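To start, the structure under review is shown below, and the notes come after it.
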Amino acid sequence: MSVFSSTSAASVTPVTSSTGYTGRFAPSPTGPLHLGSLVAAMASYLDARAHQGRWLLRIEDLDFDRNVADADRHILHSLQRCGMHWDGEVSWQSQRQPLYEQALEQLATQVYPCSCSRKEIADSRLRAGVAASQVYPGTCRTGLAPGKTARAWRLRVPDGEAAVFQFEDRLLGAQTQDLASEVGDFVLKRADGFWAYQLAVVVDDAAQGISHVVRGADLLDSTARQCYLQQLLGLPRPAYLHVPVVNNADGEKLSKQTGALAFDRGDNDLLQDALLPAARFLGLHISPSANNLNAFWDNATAAWAQQIALHQAHQADQLHQQQKQQP
């Protein structure tokens with residue numbers, strides 16, 4: 001079944017394409033790419049090709065504790081073996097930290113130090129009777145307790161209606177999240193110097209002129225936070241599309257943490273072993289005649305473009321029907 005069938009209504013010069021479309025794939029070098037990674041890469045690559053746009057490659061290597069030596073080199077090699085060609089030079093987040101520092105300084109009036117450990121946050125939730133909640137309880141909003149030192153810097157989220165962020169996902173339709181009640185003040189930087197994903201990805205997408213973000217649905221929950229940061233920093237909001245994630249036999253998201261194996265073993269047939277399975281997961285119908293990489297990508301690009309067009313027509317029809325039913 002197609003993933004499109006279940007629908008509901010800086011100091012770096014940005015790069016753009018002649019069509020105005022610039023997309024990206026941004027893997028973390030915590031190990032080799034697995035099938036779940038390939039699905040996300042394929043979706044972003046096909047969307048860029050279908051729009052005759054640019055496709056950039058960014059290595060998100062800020063989590064230094066989890067980075068694996070030479071994993072970035074293996075990622076580049078696997079993408080090349082798959083016939084996926086990026087535009088321009090590869091970028092590494094670890095080389096872009098001055099940009100994040102500039103953004104943090106710009107947000108200074110909205111940021112405060114937080115001394116809370118994970119255990120202290122969990123205890124606060126328990127005392128408040130919301131143990132299952134993931135919302136930061138705001139313990140340090142009014143200042144650090146005596147004798148405490150900062151473990152992180154958090155961004156203050158707005159209250160009331162200003163905390164409600166809406167965006168249109170090109171696949172999943174209208175999305176809404178209340179940052180105050182569903183997220184709470186979130187971390188931008190840890191005291192040990194680690195930058196949070198939310199800030200880094202917003203700064204990088206803007207600096208690189210990313211117009212369209214295509215990624216896994218596991219990051220859907222992050223989008224409202226990124227929209228808020230874009231608003232505060234005066235940055236444009238890209239168009240978003242989140243594709244389903246691949247799960248293992250236990251129903252867990254396929255990842256390095258859940259034992260996902262590399263799809264590229266170095267000498268295997270990537271067309272049969274990886275590309276065709278990834279395309280099938282995305283609901284793309286690939287012709288049997290697409291028996292080499294060039295033919296596969298031409299066929300898959302056409303199939304993706306057709307799926308997008310059908311999906312957009314379906315959404316437009318749904319909206320039209322809803323408008324007709326309104327009094």
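The values are calculated or read from the model by the stated rules, or taken from the named source; none is laboratory data. All values reported here derive from a predicted model rather than from experimental measurement. We place every Cβ from the backbone using ideal geometry, glycine too, and count neighbours over all the protein chains shown.
Looking at the range 198-210, which of its residues are under 13 Å from the mean Cα position of the chain (by Cα), over 14 Å from Gln97 (Cβ atoms) and surrounded by fewer than 23 Cβ atoms within 10 Å (Cβ to Cβ)? Matches in the range 198-210: Gln198 only. The single condition among (1) modelled with pLDDT of 95 or more; (2) more than 21 Å from the chain's Cα centre (by Cα); (3) not in a helix (DSSP H, G or I) that Thr19 does not meet is (1). Screening the range 165-197 for residues that are among the hydroxyl-bearing types (Ser, Thr, Tyr) and over 30 Å from Ala309 (Cβ atoms) and picking the one that is surrounded by the fewest Cβ atoms within 10 Å (Cβ to Cβ) gives Ser181.
Restrict the check to the range 278-297 and report whether at least one residue is modelled with pLDDT of 95 or more, exposed (fewer than 14 other Cβ atoms within 10 Å of the Cβ), out of contact with any Asp or Glu (no Cβ under 6 Å at 6 or more places or on another chain) and in a helix (DSSP H, G or I). Yes: the range 278-297 contains one or more residues that are modelled with pLDDT of 95 or more, exposed (fewer than 14 other Cβ atoms within 10 Å of the Cβ), out of contact with any Asp or Glu (no Cβ under 6 Å at 6 or more places or on another chain) and in a helix (DSSP H, G or I). Each residue in the range 37-94 was checked for being in a loop (DSSP other than H, G, I, E, B), in contact with a Pro (Cβ under 8 Å, 6 or more places away or on another chain) and of a type in the set (Val, Ile, Thr), and 1 of them qualify.
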